[in-house]
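The values are calculated or read from the model by the stated rules, or taken from the named source; none is laboratory data. These numbers come from a predicted model, not from an experiment. Cβ atoms come from the backbone with ideal geometry, glycine included; neighbour counts cover every protein chain shown. Calculation scope for accessible area: heavy atoms of the full protein, side chains included, ligands and nucleic acids excluded. Shrake-Rupley method; radii C 1.70, N 1.55, O 1.52, S 1.80 Å.
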Amino acid sequence: MRTDHARPVRLADYRPSDWLIDKVDLDIALHPSATKVRARLSMRPNPAADGPAPLRLDGDELSLSSISIDGASLPSEAYAATPDNLTIAQPPHGAFQLELETTINPSANTQLMGLYRSNGTYCTQCEAEGFRRITYFLDRPDVMAVYTTRIEADRADVPVLLANGNLVETGTLPGEKHFAVWHDPHPKPAYLFALVGGNLGCVDDSFTTMSGRKVALKIYVERGKEDRCAYAMDSLKRSLRWDEEAFGREYDLDIFMIVAVSDFNMGAMENKGLNVFNDKYVLASSDTATDGDFASIEAIIAHEYFHNWTGNRITCRDWFQLCLKEGLTVFRDQEFTSDQRSRPVKRISDVRLLRGHQFVEDAGPLAHPVRPEIYHEINNFYTATVYEKGAEVVRMIKTLLGSDAFRKGMDLYFERHDGEAATIEQFVQCFADVSGKDFTQFMRWYSQAGTPEVTANGKYDAATKTYRLDLTQSLAPTPGQKIKEPMVIPLALGLVGRDGKDATLHAKGNTRIEHGVAILSSPSASIEFSGISEEPVLSINRAFSAPIRLVTNLSAADLQHLAAHDSDPFNRWQALQTFALRILIANVTALRAGKNTNSDNGLMDALAAILADKTLEPAFVAQALTPPSEADIAREIGSDVDPDAIFAARGHLRRKISECLGAELLALYERFAVREPYSPDSVSAGRRALKNVCLDLLAVNGQADGIARVFEQYKSADNMTDRLAGLATLSFHDKPLRGTAFEDFYQRYSSDPLIVDKWLMLQAAIPDPITLDRVVALTAHPAFAVTNPNRVRSLIGTFAQGNPTQFNRADGAGYEFVADYVLKLNGTNPQVAARLMTAFKSWRALESTRQAHAEKAIRRVAAGENLSADVKDIAERALAGG
Ligand code: 0A1
Ligand code: ZN
């Protein structure tokens with residue numbers, strides 16, 4: 001296991017590599033416990049470096065069997081090999097061929113980095129630093145080489161042999177063996193290398209690119225699962241087409257392959273021409289997958305495919321630039337989904353995700369800039385900040401420039417940096433060059449951590465018919481960044497009249513307004529809008545134009561007006577959220593003071609208006625009926641957080657909605673409960689979403705008729721979305737039917753691990769003190785496997801990150817359990833262990849009893865023996881500062 005060596009790594013210390021590798025020839029003989037890897041590396045000194053230098057290659061748990069230079073084996077005094085590196089003190093002065101042989105044990109690789117076996121299938125995961133677990137290498141993204149990979153294996157056990165690029169040769173070998181040779185003509189960093197070998201089924205299709213080239217599309221899955229690949233294949237074809245239409249990007253090999261494996265640390269991986277996926281994001285049919293699963297598959301297939309240009313053709317110079325590929329590719333997959341489905345609904349769900357994860361990260365001890373400047377373990381920076389906030393930053397560039405100039409900037413980026421390992425500065429420079437705008441101050445979005453707070457207070461003067469808007473911005477200190485500078489904040493806005501129409505904006509003041517977007521770049525600013533004939537309502541940060549926390553002086557009546565009339569659908573939804581949040585926070589305070597809760601009927605009226613508005617799409621209405629999450633409420637409260645009071649306040653509000661709007665909810669439920677053949681399209685999914693939100697609200701009081709309706713839906717559902725929605729609602733009610741349904745569900749689906757995951761998740765999320773015991777018991781259930789990341793995330797991950805009252809039990813037992821589990825996983829899979837550990841990211845915001853319990857648990861982990869670099873990093877950062 002990798003521990004903390006040669007760390008931390010700092011952006012400021014970046015230096016080009018002394019050596020480059022132009023060509024890599026790999027010859028890999030697959031064997032379950034002794035796979036032989038022969039690597040021939042064409043080395044040359046880097047002309048951009050300072051002159052003759054020793055050669056130091058990275059390794060990780062490697063053992064070297066042989067080494068030669070230009071065909072002559074190297075005497076032992078000429079090199080030093082340890083598991084972590086290989087040093088040649090005096091390499092030749094010019095170019096040379098280095099040949100290495102290592103032997104690795106894929107079956108013993110529980111970290112799932114490098115070459116490992118998943119259910120018997122050989123596969124690799126090399127991002128970020130996994131290639132060094134296969135052979136010694138310059139394992140850094142700015143060293144890009146052309147790879148040829150020869151794989152050999154037993155024909156019967158491993159009939160399918162895949163690697164990056166195009167297939168150039170296959171053949172048989174003595175002893176029932178065979179081989180395949182793959183060549184990838186596109187230079188790439190080692191993290192994009194991939195190899196797969198197994199007894200897999202294949203689904204074939206093809207795609208004709210915009211220039212008329214035919215590309216073979218292949219999805220490989222475990223045998224017997226081929227009939228669950230249709231949606232993934234369809235998503236892939238739509239992704240290829242969309243990237244041509246939206247960004248002019250064509251695919252560049254003869255074949256594009258996806259392999260689904262069941263043991264995978266993350267969602268999926270964009271290896272050149274050979275994407276490897278967690279099977280959860282490939283396999284789907286109406287009776288095994290929910291609408292949410294279908295949507296995730298579509299988005300992740302698109303994300304990985306889009307990396308072919310943003311990540312692979314143009315890669316990152318170093319790992320600090322991770323957001324260059326990730327933020328940009330998330331932005332691209334968000335746009336794809338918006339074009340395929342509903343743009344407003346997609347924006348709402350992305351903002352929910354951002355607030356629920358990234359804002360929470362930004363508010364705690366793990367906060368870091370979109371482009372970090374220091375890391376101990378890069379695996380811990382695959383975060384919501386790098387991905388989701390990184391995407392928001394790209395979105396702001398588009399908002400500041402407008403669509404046409406943004407596209408020109410992207411075209412220039414592809415043209416200028418194709419084949420290179422680039423930086424954020426180079427990316428942003430393209431937009432500066434096409435627009436003539438200065439992005440110097442904007443770069444703070446990449447360097448300053450934390451969520452800016454913007455106040456927007458408006459005042460109407462009837463006498464002068466002017467509306468004055470006062471804006472301020474501030475950014476609280478975050479770890480390592482005490483002093484913050486003002487940001488460039490694009491605020492899309494409108495002044496909504498009584499009739500619901502936007503006033504024409506004539507603005508004066510010290511703030512620029514360009515196509516309806518005010519650009520706030522100083523700590524405070526004022527804008528005066530003239531010629532406003534009646535008092536308007538301010539709608540600001542429309543479509544969530546900036547990832548900020550907004551504080552306004554809008555009254556309840558104003559919010560109600562926006563919810564009913566704003567031309568920006570996002571802000572209609574936001575008005576309801578803001579309204580609900582104010583009530584929820586007041587009720588949390590009341591509950592903690594032993595007082596009665598209060599619910600403002602203005603919100604109920606606003607919701608009633610939404611339910612009555614027939615122009616709204618069902619998926620939007622479903623979002624409107626869903627109050628802010630517990631995590632969101634906690635983050636807004638900020639300190640002295642009591643998760644039980646938050647849970648109670650949220651429950652109270654949902655019961656109130658059910659009481660006040662029961663008849664309308666029932667009518668909607670019945671309207672959308674009509675049976676029709678299942679289709680995963682977004683309109684059908686939206687109807688099911690609304691129906692199931694209604695079903696849930698109608699049962700929230702626990703009354704017999706509501707529960708019976710839920711059980712009936714559970715039983716008679718003809719698709720997984722409706723069945724699981726029924727089970728999810730039942731799981732929140734301590735009634736005998738809950739146990740019946742959970743048992744029934746397991747009986748039906750026990751042979752399907754991805755469905756069993758849903759069963760584990762729902763049990764881990766039950767907000768009841770019995771849950772911890774149940775979760776502990778489930779760790780011994782035959783369906784659970786500590787070695788499989790999906791099982792661990794479903795059971796332990798959901799308990800830690802998706803069950804705020806029980807993880808944060810007042811007696812600290814939730815923290816102790818999760819700490820135990822982190823320590824248990826630390827030795828076998830440090831990445832998954834570290835991710836689980838991030839559940840503690842908000843511990844400092846808790847009330848004092850819980851805070852003390854959480855601190856004790858974190859300290860216990862930090863003091864653990866043989867701590868991996870991954871877990872140590874999270875535990876230490878969680879404890880630092882304060
Ligand atoms: N680049 C992938 C994410 C990824 C990162 C690390 C991994 O190592 C286990 C795997 C995948 C993406 O953005 O999809
Ligand atoms: Zn990605």
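Just going by the charge dipole of the chain, with Lys and Arg at +1 and Asp and Glu at -1 on Cβ, which of Thr329, Gly602, Val641 is farthest out on the positive end?
Gly602
Please state the shape class of the stretch 752-882: rounded when a/c is under 1.5, otherwise prolate if a/b exceeds b/c and oblate if not, all from the C-alpha gyration tensor.
oblate
Take the Cα gyration tensor of the stretch 618-760, multiply each eigenvalue by 5, square-root it, and list the three semi-axes largest first, rounded to whole angstrom. Working shown, then result.
Details: eigenvalues 126, 77, 52 Å².
One finds semi-axes of 25, 20, 16 Å for the stretch 618-760.
For the chain, find the longest principal axis of its Cα atoms and tell me its angle to the long axis of helix 813-828, 0 to 90°, nearest 10.
Computed tilt is about 20 degrees.
Which order do you get for Ser848, Ser539 if you rank them by accessible area with a 1.4 Å probe, largest at the top?
Working: Ser848 90, Ser539 0 Å².
Output order, biggest surface exposure first: Ser848, Ser539.
So how do Ser639, Ser235, Ser73 rank on accessible area, 1.4 Å probe, biggest first, that is with the largest at the start? Walk me through the numbers on the way to the answer.
On the way: Ser639 75, Ser235 0, Ser73 95 Å².
The ordering from most to least exposed comes out as Ser73, Ser639, Ser235.
Which of rounded, prolate or oblate describes the stretch 403-483 when judged by the alpha-carbon gyration tensor and an a/c cut-off of 1.5? The partial results should precede the final answer.
Values: a/c = 4.42, a/b = 1.60, b/c = 2.76.
Here the stretch 403-483 falls in the oblate category.
Averaging sequence separations of C-alpha pairs under 8 Å and six or more residues apart, then dividing by the length of the stretch 820-863, give the relative contact order as a whole percent.
Working: 21 pairs, mean separation 14.5, N = 44.
Dividing the mean separation by the residue count of the stretch 820-863 yields 33 percent.
Among Ala476, Met410, Asn85, which residue has its Cα positioned farthest towards the positive end of the charge dipole of the chain, with +1 placed on the Cβ of Lys and Arg, -1 on the Cβ of Asp and Glu, and the dipole taken about the Cα centre?
Ala476
I'd like the accessible area for Asp339: 1.4 Å probe, protein heavy atoms, all chains in place, Å² to the nearest 10.
The accessible area comes out at roughly 90 Å².
Counting only Cα atoms, I'd like the Rg/Rh figure for the stretch 394-439, Kirkwood definition for Rh.
When Rh is taken as the Kirkwood radius, the ratio is 0.94.
Check which residues have an amide H placed less than 5 Å from Leu200's amide H, if you skip close sequence neighbours.
Those lying under 5 Å, H to H, from Leu200 are Val160.
Using the crude model of +1 on Lys and Arg Cβ and -1 on Asp and Glu Cβ, and no other charge, please compute the dipole size for the stretch 308-427 relative to its Cα centre, in debye to 20. It would help to have the intermediate numbers written out before the result.
Values: 17 positive and 18 negative charges, 100 e Å.
Roughly 480 debye, rounded to the nearest 20.
Please work out the Cα convex hull volume for the stretch 351-503 and give it in Å³ per residue. List each step's numbers first, then the result.
Working: hull volume 23.9 nm³, N = 153.
In the stretch 351-503, the Cα hull volume divided by residue count equals 156 Å³.
To the nearest 10 square angstrom, what accessible area does Glu420 show with a 1.4 Å probe?
70 Å²
Given Cβ point charges of +1 (Lys, Arg) and -1 (Asp, Glu) and nothing else, what value in debye, to the nearest 20, does the dipole of the chain about its Cα centre take? Provide the component values of the computation, followed by the final result.
Working: 96 positive and 114 negative charges, 251 e Å.
Dipole magnitude for the chain comes out near 1200 debye.
Need one number: convex hull volume per residue for the chain, Cα atoms only, in Å³.
Cα-based convex hull of the chain, divided per residue, equals 164 Å³.
What is the chain's relative contact order, in percent, from Cα pairs under 8 angstrom and six or more apart in sequence?
Numbers: 1745 pairs, mean separation 78.3, N = 882.
Taking the mean separation of contacting Cα pairs over the length of the chain, I get 9 percent.
What does the charge count around Ser521 come to, taking other residues whose C-beta lies under 15 Å from its C-beta (Lys +1, Arg +1, Asp -1, Glu -1)?
Here the count lands on +1.
Expressed as a rounded percentage, what relative contact order does the stretch 744-882 have, with Cα pairs under 8 Å and six or more residues apart? Walk me through the numbers on the way to the answer.
Working: 168 pairs, mean separation 26.2, N = 139.
Over the stretch 744-882, the number comes to 19 percent.
In whole Hz, what ³J(HN,Hα) sequence does the stretch 277-289 give by Karplus (6.51, -1.76, 1.60; θ = phi - 60°), x for Gly and Pro?
10, 4, 4, 4, 9, 10, 7, 7, 9, 4, 8, 10, 10
I need the shape label for the stretch 266-366. Rule: rounded when a/c is under 1.5, else prolate if a/b > b/c, else oblate, with a, b, c from the alpha carbon gyration tensor.
Numbers: a/c = 1.60, a/b = 1.10, b/c = 1.45.
Since a/c reaches 1.5 but b/c is at least a/b, the shape of the stretch 266-366 is classed as oblate.
If you put +1 on each Lys and Arg Cβ and -1 on each Asp and Glu Cβ, how big is the dipole of the stretch 515-582 around its Cα centre, in Debye rounded to 20? Please list the in-between numbers first.
Numbers: 4 positive and 6 negative charges, 68 e Å.
Using Cβ point charges on Lys, Arg, Asp and Glu, the stretch 515-582 gives about 320 debye.
Can you give me the long-range amide H partners of Arg249? Hydrogens built in the peptide plane at 1.01 Å from N, cutoff under 5 Å, separation of 5 or more residues or another chain.
Long-range HN contacts for Arg249: Glu244.
Calculate for the chain the 222 nm mean residue ellipticity that helices alone would give, adding -39,500 (n - 2.57) per DSSP H run of length 4 or more and normalising by residue count, nearest 500 deg cm²/dmol.
Working: 27 runs with 337 residues, N = 882.
Taking each H run of at least 4 residues, the total per residue is -12000 deg cm²/dmol.
Could you tally the net charge around Ala268, taking each other residue with its Cβ under 12 Å from the Cβ of Ala268, Lys/Arg +1 and Asp/Glu -1? The partial results should precede the final answer.
Values: positive: Lys280; negative: Glu127, Glu270, Asp279, Glu304, Asp333.
Result for the local shell: -4.
Tell me, what HN-Hα J-couplings in whole Hz come from the Karplus equation 6.51 cos²θ - 1.76 cosθ + 1.60 at θ = phi - 60° for each residue of the stretch 625-641, using x for Gly and Pro?
Karplus values, whole Hz, x for Gly and Pro: 7, 9, x, x, 6, 4, 5, 5, 5, 4, 5, 5, 5, x, 8, 6, 6.
Report the Stokes-Einstein translational diffusion coefficient (µm² s⁻¹, integer) for the stretch 546-602, Rh taken as the Kirkwood radius over Cα pairs, at 4 °C with viscosity 1.567 mPa s.
Details: Rh = 12.4 Å.
After rounding, the answer is 105 µm²/s.
Can you work out ³J(HN,Hα) from phi for every residue in the stretch 841-856, in order, using Karplus 6.51 cos²θ - 1.76 cosθ + 1.60 and θ = phi - 60°, giving whole Hz and x for Gly and Pro?
Coupling constants for the stretch 841-856: 5, 10, 4, 6, 7, 6, 5, 5, 5, 5, 4, 5, 4, 5, 4, 4 Hz.
Using amide H atoms built in the peptide plane, which far-off residues or other-chain residues are under 5 Å from Tyr382 H to H?
none
How much net charge surrounds Ser679 when only the other residues with a Cβ under 11 Å from the Cβ of Ser679 are counted, with Lys and Arg +1 and Asp and Glu -1?
Numbers: positive: Arg687, Arg688; negative: Asp291, Glu676, Asp681.
Local charge sum for Ser679: -1.
Would you check the accessible area of Lys758, probe 1.4 Å, heavy atoms only, in square angstrom rounded to 10?
The accessible area comes out at roughly 30 Å².
Cα convex hull of the stretch 117-236: how many Å³ per residue?
139 Å³
Can you compute the modelled spin-label distance between Ser639 and Asp205, with each label point 7 Å from Cα toward Cβ, in nm?
Placing both labels 7 Å beyond Cα along the Cβ direction yields 5.4 nm.
Out of Tyr460, Ala575, Leu162, whose Cα points farthest toward the positive end of the dipole of the chain (charges: +1 Lys, Arg; -1 Asp, Glu; placed on Cβ)?
Tyr460
Give the ranking of Phe711, Phe745 by solvent-accessible surface, highest area first, calculated with a 1.4 Å probe.
Phe711, Phe745
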